[in-house]
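The values are calculated or read from the model by the stated rules, or taken from the named source; none is laboratory data. None of these values were measured; they are calculated from a predicted model. Cβ: placed from backbone, ideal geometry, glycine included. Neighbour counts: every protein chain shown.
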Amino acid sequence: MDGIVRAWVDGWVVSRGAAPPVRRPWGFTVDVGQSAHVSRHVLARIGDDVEEGVVRKVADGVTGAGVWLKVFQDPAVTAEWLGPGWWVDPEPGWLMTLPLRTAAEGGPRPGPAEAGPARAPDGYRLRAWTRGGVTRVMVAAPDGSFAARGQVAPTGATAVFDQIETAPGHRRRGLGSVVMRTLTAAAAAEGTETGVLAGTPAGRALYESLDWTAVAPLTSAKFLGAGGDSDS
């Protein structure tokens, strides 16, 4: 399963413009270069294969604020393994996958993911463009304001779907599905066989309605520094 993690890491760095991942014995280190997100450590194992001793060792080696830790285990479990100075998001994310093409025939996968071209609801405007290998989708509201967005980064056989977002005032109108279908079509056109994403609890229902499968929970933790306020 660490192949799925590697696929997510490889696509994420392309999507976000981060530095190429550095392979570690326990996973990957990615330099992001932002003040609140300097770098991140991603452990390669998932679920019951995640080892407490490894998580503790990696976390204890972090000394600078702004370093994130990504562990594919429930936050309630992972939080017990982290020392002072770590903030842990109490809600689990989810590592999810979707087969985009059949392995035997190489053709489109049937079902919601291949339900034809996506169309925005009346009054909304859908726009998609590709730069640097990343396809971005935007949906504008009837008044021209932001309604929804998302992006996908194909990296060979896999593609990472990223930053899927719908503005609060435009939810429950099918815009998330429009964005995901458009991105799925773009990834499939590149010959991608598998989609990968790290979804939020709020987004999981949308992705599952489009046939995505949850593979493992995801803990996101940030080091605030020695004496940092772990409740922030």
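Please name all residue pairs, on different chains or six or more residues apart, with Cβ atoms under 7 Å, provided the first residue is in the range 163-190 and is modelled with pLDDT under 95 and the second residue is of a type in the set (Lys, Arg) and surrounded by fewer than 20 Cβ atoms within 10 Å (Cβ to Cβ). Filtered contacts from the range 163-190: 188/101. For residue 83, the test of being small (Gly, Ala, Ser) and either at pLDDT 95 or above or within 21 Å of residue 134 (Cα to Cα) (or both) is failed. Each residue in the range 35-75 was checked for being of a type outside the set (A, V, I, L, M, F, W, C) and over 18 Å from the mean Cα position of the chain (by Cα), and 13 of them qualify.
Every condition in (1) among the hydrophobic types (A, V, I, L, M, F, W, C); (2) surrounded by 19 or more Cβ atoms within 10 Å (Cβ to Cβ); (3) more than 27 Å from residue 130 (Cα to Cα) is met by residue 9 except one, and the failing one is (3). Scanning the range 194-205 for residues that are surrounded by fewer than 23 Cβ atoms within 10 Å (Cβ to Cβ) and at pLDDT 95 or above, we see that the one that is nearest to residue 156 (Cα to Cα) is 194.
Quick grid of which residues meet (1) surrounded by fewer than 19 Cβ atoms within 10 Å (Cβ to Cβ); (2) more than 24 Å from residue 31 (Cβ to Cβ); (3) among the aliphatic types (A, V, I, L, M):
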{"position": "48", "(1), (2), (3)": "yes, yes, no"}
{"position": "57", "(1), (2), (3)": "yes, no, no"}
{"position": "62", "(1), (2), (3)": "no, no, yes"}
{"position": "71", "(1), (2), (3)": "no, no, yes"}
{"position": "75", "(1), (2), (3)": "no, yes, no"}
{"position": "87", "(1), (2), (3)": "yes, no, no"}
{"position": "90", "(1), (2), (3)": "yes, yes, no"}
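When the range 16-28 is filtered for residues that are surrounded by fewer than 19 Cβ atoms within 10 Å (Cβ to Cβ) and either in contact with a Ser or Thr (Cβ under 6 Å, 6 or more places away or on another chain) or on the phi > 0 side of the Ramachandran plot (or both), the ones remaining, listed by number, are 17, 22.
Within the range 91-107, is even one residue β-branched (Val, Ile, Thr) and at pLDDT 90 or above? Yes. Among the residues making up the range 48-81, a single one is part of a helix (DSSP H, G or I) and either in contact with a Cys (Cβ under 7 Å, 6 or more places away or on another chain) or polar (S, T, N, Q) (or both): 78.
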